[in-house]
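Colleague: Can you read through this structure? Questions will come right after.
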2 protein chains.
Amino acid sequence: MVARTGRAQRRTEALSRERITEAAVELLDASGEGGLTFRALSERLATGPGAIYWHVANKGELLEAATDAVVAAALAEPAEAAGSPRDEIRAVALGLFTAVAEHPWLATQVSLQLSHGPTKSVPLRIFEGIGRHVGALGVPEDSWFTVASALMHYILGSAAQNASNARVAGSVVDRAEFLDEVSAAWEKLDPDDYPFTRAVARQAREHDDREQFLAGIDLILAGIHAR
Amino acid sequence: MVARTGRAQRRTEALSRERITEAAVELLDASGEGGLTFRALSERLATGPGAIYWHVANKGELLEAATDAVVAAALAEPAEAAGSPRDEIRAVALGLFTAVAEHPWLATQVSLQLSHGPTKSVPLRIFEGIGRHVGALGVPEDSWFTVASALMHYILGSAAQNASNARVAGSVVDRAEFLDEVSAAWEKLDPDDYPFTRAVARQAREHDDREQFLAGIDLILAGIHAR
DNA sequence: ACCTGAACACCGTTCAAGT
DNA sequence: ACCTGAACACCGTTCAAGT
């Protein structure tokens, strides 16, 4: 039973950073961060583990490349008929929100890169993607940094929290059941320790993710003009 | 050279979940997530790897317990002479911000828990800690959920981004040098791809982390009253 | 009930050898 | 220049055996 069956088919194309990254994303989507190993990856690419190291320095770089590819795709919206800055920002926000819903591993990876410094390509891409439209919003220039940061952090946090819903919610029914469970769990919390969470448990049951998400964006945008 | 020197001293206290969690936090602080292994942990506790499994189910649970302990401590402020809701929120925010600065591994762990569902204790603690004061803010009840979420996500995102600064900045001089480097890196970006980031590069150099952070909180709070 | 420590399966990474 | 695949060091986890 020596598995010569291992590699599915003879490789036709040469290996490349792009092909490797693509396969890594597929593996991550299929089974999360634990599913991405050099062995699984090399089998999928019909090669040996060592070959990958010719194109990628290590696992961290691989994860970074996979994250970067997905984020770049999410931000590369058609950008058709440019709407108002507000609409543009909502579009960017929803694009990222959707990307995390489709790739739940993304949330942790972006947070990791964020905590590795503001010169990493992923945080930069996102910051620029949002900031570009903040400039057009008519905000005084010395608020640009604050506004773009607030929007970026809110978007990434909400997306992370939503990633869990996405894991469960295949259908609308599952979705409703899931919300019921969360709501019920919240209502069972200790009244002394969690009065607030209990109080909003009903809202949690009724809320629509995207609507809720966009309401937060609007809240932040409203803050700009209030000052 | 068989290392019977391994365990530093005979254990005096019995093992417990608390002692294990405490040692885990120390290891994480000293060398990040990579530094937390069952072998290193058991050596520090003067026991064998297997012993830990009597108190903790697996590594995930260990990480969860460590995160929970640190977050709980950060939220357990003296709560002396209660200030305005606004001040209370700023205090909670700064407490979390500081905790992440002191424990850079915290950012990724909280994000991980966030993406594992809204019934995990860490997200719940934070949500409640903030929400409690949102209720006192005079906001209509149907905005509570949105406002508390927006604040929580902004806080966690900012803290994550700041974790990287913390890793570098021992002294004020290091800090200034670091900001100069970031700013310089941003100014070297492609003008076509990163016009916005380049435009705020100067602001990045001059900004004060905490001030910037609190400005974002104020922005969100301002949004509430603008509606 | 709690601890010990060897053993197992698996992982990231390296590297001499091939083409 | 690029790929192969065995080998190394290390890790999470299990479990028979002890107290």
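The values are calculated or read from the model by the stated rules, or taken from the named source; none is laboratory data. All values reported here derive from a predicted model rather than from experimental measurement. When we count neighbours, we look across all protein chains shown, and the Cβ atoms used for this are built from the backbone with ideal geometry, even at glycine. Just the protein is used for accessible areas: all its heavy atoms, side chains included, with ligands, DNA and RNA removed. Shrake-Rupley method; radii C 1.70, N 1.55, O 1.52, S 1.80 Å.
Colleague: Restricting the search to the stretch A:36-63, which residues are in a helix (DSSP H, G or I), surrounded by fewer than 15 Cβ atoms within 10 Å (Cβ to Cβ), more than 14 Å from chain B (Cβ to nearest Cβ) and more than 8 Å from DNA strand D (Cβ to nearest atom)?
Modeller: Selection gives A:ARG39, A:GLU61.
Colleague: Then there's this: Could you check, for the stretch B:121-139, whether at least one of its residues is open to solvent by less than 40 Å² (accessible area, probe 1.4 Å), among the acidic types (Asp, Glu) and within 12 Å of the chain's Cα centre (by Cα)? Steps first, please.
Modeller: Applying the first criterion (open to solvent by less than 40 Å² (accessible area, probe 1.4 Å)) to the stretch B:121-139 yields B:122-124, B:126-131, B:133-135, B:137, B:139.
Narrowing the set further to residues that are among the acidic types (Asp, Glu) leaves B:128.
So of that shortlist, the ones also within 12 Å of the chain's Cα centre (by Cα) come out as none.
Scanning the stretch B:121-139 turns up no residue that is open to solvent by less than 40 Å² (accessible area, probe 1.4 Å), among the acidic types (Asp, Glu) and within 12 Å of the chain's Cα centre (by Cα).
Colleague: In addition: If you check A:LEU151, A:LEU114, which single one turns out to be within 11 Å of chain B (Cβ to nearest Cβ) and within 22 Å of A:LEU36 (Cα to Cα)?
Modeller: Working: A:LEU151 fails: within 22 Å of A:LEU36 (Cα to Cα).
None of the others qualify; the one that does is A:LEU114.
Every residue, every condition in (1) open to solvent by 30 Å² or more (accessible area, probe 1.4 Å); (2) touching a helix residue (DSSP H, G or I) at 6+ places or on another chain (Cβ under 9 Å); (3) outside the structural domain of A:ALA107 (by TED's automatic domain parsing); (4) at pLDDT 95 or above, yes or no:
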| site | (1), (2), (3), (4) |
| --- | --- |
| A:ASN162 | no, yes, no, no |
| A:ALA166 | yes, yes, no, no |
| A:SER171 | yes, no, no, no |
| A:LEU179 | no, yes, no, no |
| A:VAL182 | no, yes, no, no |
| A:GLU187 | yes, yes, no, yes |
| A:ASP193 | yes, yes, no, yes |
| A:ARG205 | yes, yes, no, no |
| A:ILE217 | no, yes, no, yes |
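Colleague: Right, next: Filter the stretch B:68-85 down to the residues that are at pLDDT below 85 and assigned to a helix (DSSP H, G or I) and list them by number. Working first, answer last.
Modeller: Of the stretch B:68-85, the ones at pLDDT below 85 are B:77-82.
Residues satisfying the conditions do not exist here.
Colleague: On the given criteria, is A:PRO118 more than 16 Å from DNA strand C (Cβ to nearest atom), in a loop (DSSP other than H, G, I, E, B) and either within 17 Å of A:ALA148 (Cβ to Cβ) or modelled with pLDDT of 95 or more (or both)? Spell out the reasoning first.
Modeller: On the way: more than 16 Å from DNA strand C (Cβ to nearest atom): yes; in a loop (DSSP other than H, G, I, E, B): yes; either within 17 Å of A:ALA148 (Cβ to Cβ) or modelled with pLDDT of 95 or more (or both): yes.
Yes; evaluated as a whole, the condition is true for this residue.
Colleague: Could you run through the stretch A:176-203 and say how many residues are within 26 Å of the chain's Cα centre (by Cα) and more than 7 Å from chain B (Cβ to nearest Cβ)?
Modeller: Adding up the residues that qualify gives 9.
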